[in-house]
Amino acid sequence: MIEVLSSDVVADDRADDAKVAARFASLLEQQKRTLYKVAYIYCRDPEERQDLIQEMVFQLWRAFRRFGGRSGVATWTYRVALNVAISWRRRDGRRIRDTAPLEIVLNVAEADQAFDADSEKSQVLRALIDGLDEFSRSLVLLYLEGLDHAEIAGILGTSASNVGTRLGRIRHKLKAQIDQQGRPQT
């Protein structure tokens with residue numbers, strides 16, 4: 001037997017969808033800098049970066065109804081964004097062109113200006129970070145965000161002691177590279 005949906009049930013579903021969409025838009029507004037930062041670290045080309053951010057938004061939307069608050073919103077956003085960015089880099093040109101179901105536009109130009117991409121220090125740091133493997137790049141991004149070892153561990157699915165050890169190794173490696181190239185002017 002096929003159950004026919006009443007107009008009240010359909011209207012309730014639409015109202016619920018509108019509430020979910022509004023909560024998602026609010027979450028994106030709060031977390032958009034996180035998306036910008038992750039995209040900036042993983043993608044150089046501004047147009048590709050915009051596509052990467054769109055893919056992050058799409059994947060966040062797909063996962064939004066399943067997000068049960070088991071972690072903080074920032075932790076969840078970082079986890080999704082980093083996974084999307086890493087997968088994006090691995091795809092070698094294959095790009096998903098789906099769009100998020102909301103009319104949400106993130107201003108990538110605003111993010112580029114916020115990161116002062118043209119400063120000499122930014123270019124040196126970017127070049128050093130680009131030379132790291134994907135996990136280390138994620139670690140550095142989260143560390144530069146000011147997250148503590150436990151928060152970074154929660155996002156990346158490792159232990160806080162592992163985060164500390166890896167960060168120490170990364171610092172040593174980057175310091176050696178800077179010493180070898182000569183210190184940038186401050």
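Each of V38, V124 was scored by other Cβ atoms within 10 Å of its Cβ. Listed from fewest to most, they are V124, V38. Residues T165, T75, arranged from fewest to most other Cβ atoms within 10 angstrom of their Cβ, appear as T165, T75.
Each of E151, E29, E55, E145 was scored by other Cβ atoms within 10 Å of its Cβ. Arranged with the fewest first, they read E29, E145, E151, E55.
Read-outs: derived from the displayed coordinates by stated rules, not from any lab. The model shown is predicted, which means the values in this text are computed figures rather than measured ones. Note that each Cβ is placed from the backbone with ideal geometry, even for glycine, and that neighbours are counted across all protein chains shown.
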